[in-house]
Amino acid sequence: MMLADAEPLLGRVKAGDANALELLMRASRKYLRQVVEFRMPSELRRRVDESDIVQETLAETFSRIDDFVERKPMPFHIWLRRNAQERLVMSQREHFRTLKRSLNREVPLPDHSSILLVRSLSRRGPDPGDRLENSESMEIVRKAFAKLAHEDQEIVLMRQAEGLSNHEVAQILNIPPKTASKRFTRALIRLRGHTRQLGLTGTGP
């Protein structure tokens, strides 16, 4: 079962169907693994297992599902994503208390997301052997990404790495879709400019 099929299950969960809840949690686990994979920085991954974050998020989701199906404040997968992000931030704070800057204001860029950003910035296809995907290029993308404002980092990562639609991003940020689209376009232009300044060629205009 895919998370896209969640809506009918939510109705059954609201009616007290335990089997529907089990199916919903199973589909949620798969989606949460993808979210955590995109969002979990390597520094935290060395200390915490991805599965632990997923399991903790599922436990939180399970404990709050009754309230969600009553109110339905947002699409289910967006709510799941928020729960996972909150859990990651809590884990980061627990393991990196000595950091001077608030991790809640920083957007981590794991290796997998760096590769996806390199591919999206390149005019060429996603050939695994493409020279743009070597470790040096990924480091340039990280440095360019770090130069962006927090709001730009967030929207680029959601669109380019996580693959969220413009409408989904608008829901997450609670802004009109047109505003989300403009922010993304401007952020992408800034990111491409930074990568060129740092010496990464082939990233488009």
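The values are calculated or read from the model by the stated rules, or taken from the named source; none is laboratory data. As the structure is a computational prediction, the values presented were derived from the model and not from experiment. We work out accessible area using only protein heavy atoms, side chains counted, and drop any ligands, DNA or RNA first. Shrake-Rupley method; radii C 1.70, N 1.55, O 1.52, S 1.80 Å.
Listed values, structure above:
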read-out	value
Heavy-atom accessible surface of segment 1-98: percent carbon and sulfur, 1.4 Å	48 percent
Largest to smallest principal axis extent of the C-alpha atoms in segment 143-204, angstrom	35, 19, 18
Å² per residue, accessible surface of segment 23-89 at 1.4 Å	49 Å²
